[in-house]
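Colleague: Got a structure here, written out as structure tokens. Questions coming.
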Amino acid sequence: MLTKALKGRDFISLMDFNKEELETIFDVAFNLKRKVALGEPQDNLLKNKTLAMIFANPSTRTRTSFEAAMTQLGGHAQFHTPEVMQIAHHETWIDTARVLDRYVDGIMIRMYGLEKYGQAREILKLMSANANIPLFNALDDKEHPFQIMADIMTMIEKLGPNWKSKKIVMSWAYSGRVKSAGVPQTMAIAASLLGMNLTLAYPEKYDVDPEYMAFANNAAEKSGAKINIVHDVFDAAKDADVIYAKSWGSFLMTKEEDTEYRKQFKEDWKISRKHFDLAKKQAIFMHCLPADRNLEVTDEIIDGPMSVVYDEAENRLHTEKAILALSMK
Ligand code: CP
């Protein structure tokens, strides 16, 4: 457990953190969750602190959980969108960061789907370089670090003491919408740092960013993590302890080509009873939500006893509180 390691730091990429730092976040998240269960106050942790939240894309969970997190910690969260900021009149992100830095204690941004892959990450880094307060990545085009922290907290809760050795399958799933690869990329980084057993399952042509696989393979050599890639979803499901469904887009095709190409995978890659029949008896189903029901996963599975999706959503709150409290204190 580290007491000072996150103070003043950004939370943009899990590549900036080590195993001990991530484990510190989980320790604090469990402690804060226990306090909620016991009704113990925690509003002294960020008393009078303000978080500016900028959402360039829609959100249900992230917006609501961050606002609730700041309230529970004794602070306040502001909701902004670029359309109603002077960004809409071409004020620069640099000036925006320098000004917000004078008012608030942390900046959170959700931004993805700009013209080029990596463009949103560049804006996050630019803002970080122009503010002395922590900057939090609430999903950009490369990563969804807060989501993955909540996912792993959920695995720790559900899989028991040997959770790291359990077979975690993150499976590409069919969706009519071409989505960001931020979730599988961040999961690969987390698994490699923490020493987990991760299978990434996806059809040919859905490889994630090679920068992420290179980092993950290198970190896995040091941590003892296993990172496997398979292209058959039924092979992947065999003996799985977790099946996590997530649709993402191809880096090798245009959106139009991808939308056409993926249609051939529509049935096999919809997580269903057929996959859970191959998995371990007590296997759980995970999804970061929002889910494309009956495209990414059948109603029977997401509403079934194996589904932990709402616990996973709740853990967004607890892990966010831990990260905000550790970095903004
Ligand atoms: N999982 C997630 O980030 O949900 P929202 O898009 O609703 O914030």
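Colleague: Provide the FRET efficiency to the nearest 0.05 for the Arg293-Val84 pair, computing r from the beta carbons and using R0 = 45 Å.
Modeller: E between Arg293 and Val84, to the nearest 0.05, is 0.90.
Colleague: Moving on. If I model segment 147-312 as equal point scatterers sitting on the Cα atoms and use the Debye formula, what is log10 I(q)/I(0) at q = 0.10, 0.13, 0.14, 0.18 Å⁻¹?
Modeller: -0.32, -0.55, -0.65, -1.11
Colleague: Round to the nearest 0.05 the FRET efficiency obtained for Asp232 and Tyr117 when R0 = 22 Å and r is the Cβ-Cβ distance.
Modeller: The pair Asp232/Tyr117 has a calculated efficiency of 0.25.
Colleague: Next up: How far is the Cα center of segment 119-178 from the Cα center of segment 65-118, in Å?
Modeller: Comparing the Cα centres of segment 119-178 and segment 65-118, I get a distance of 18 Å.
Colleague: Determine the calculated [θ] at 222 nm for the chain from helices alone, applying -39500 (n - 2.57) to every DSSP H run no shorter than 4 residues and normalising by the residue count; nearest 500 deg cm²/dmol.
Modeller: Mean residue ellipticity, 222 nm, calculated: -12500 deg cm²/dmol.
Colleague: Right, next: Taking the 0 to 90 degree range and rounding to the nearest ten, how far is the long axis of helix 93-103 tilted relative to the main principal axis of the chain, both from C-alpha atoms?
Modeller: 60
Colleague: I need the Kirkwood Rh of the chain: take the reciprocal of the average 1/r across all distinct C-alpha pairs and report it in angstrom.
Modeller: Roughly 20.2 Å, rounded to one decimal.
Colleague: Moving on to the next point. Quick one: Karplus J couplings for segment 232-246, per residue in order, coefficients 6.51, -1.76, 1.60, θ = phi - 60°, nearest Hz, x for Gly and Pro?
Modeller: Those phi angles translate into 10, 5, 6, 4, 4, 5, 4, 6, 5, 9, 9, 10, 10, 9, 7 Hz.
Colleague: Another question, if that's okay. Note down the magnitude of the dipole of the chain about its Cα centre, charges +1 on Lys and Arg C-beta and -1 on Asp and Glu C-beta and zero elsewhere, to the nearest 20 debye.
Modeller: 740
Colleague: Give me the one-decimal nm value for the distance between modelled label points at Arg98 and Gln42, 7 Å along each residue's Cα-to-Cβ direction.
Modeller: Distance between label points: 3.7 nm.
Colleague: Along Cα→Cβ, 7 Å out, is where each label goes; now give me the distance between the ones at Ala129 and Lys7 in nm to one decimal.
Modeller: Spacing of the two 7 Å Cα→Cβ label points: 2.7 nm.
Colleague: Taking the simple approach of a point 7 Å from Cα along Cα-to-Cβ for both Asp239 and Arg34, what is their distance in nm?
Modeller: Result for the modelled spin labels: 3.5 nm.
Colleague: What list of ³J(HN,Hα) values in whole Hz, one per residue of segment 17-32 in order, does the Karplus curve 6.51 cos²θ - 1.76 cosθ + 1.60 (θ = phi - 60°) give from phi, with Gly and Pro shown as x?
Modeller: Per residue, the Karplus-derived 3J(HN,Hα) values read 10, 10, 4, 5, 5, 5, 5, 4, 4, 5, 4, 5, 4, 5, 5, 5 Hz.
Colleague: How high is the relative contact order of segment 111-167? Use alpha-carbon pairs under 8 Å, at least six apart in sequence, and give a whole percent.
Modeller: 27 percent.
Colleague: While we're looking at this one, here's another question. Counting other Cβ atoms within 10 Å, which GluC sites (Glu not before Pro) in segment 164-259 have at most 14 and lie in a DSSP loop?
Modeller: Within segment 164-259, the qualifying GluC sites (Glu not before Pro) (loop, at most 14 other Cβ atoms within 10 Å) are Glu204.
Colleague: While we're here: What's the FRET efficiency of Asn218 with Glu91 using the Cβ-Cβ distance as r and R₀ = 30 Å, to the nearest 0.05?
Modeller: Efficiency for this residue pair is about 0.15.
Colleague: As I understand it, the value is the acute angle between the Cα axis of helix 119-129 and the longest principal axis of the Cα atoms of the chain; what does it come to in degrees, rounded to 10?
Modeller: Helix 119-129 and the main axis of the chain meet at about 30 degrees.
Colleague: Using a/c under 1.5 as the rounded threshold, could you call segment 46-178 rounded, prolate or oblate? The axes a ≥ b ≥ c are square roots of the C-alpha gyration tensor eigenvalues, and prolate needs a/b larger than b/c, oblate otherwise.
Modeller: It is oblate, given that a/c is not under 1.5 and a/b is not larger than b/c.
None of the figures in this text is laboratory data; all of them are computed from the coordinates on show. What you are looking at is a predicted structure, and each value in this text was computed from that prediction instead of being measured. Because the Cβ atoms are built from the backbone with ideal geometry, glycine has one as well, and the counts that use them run over all protein chains shown.
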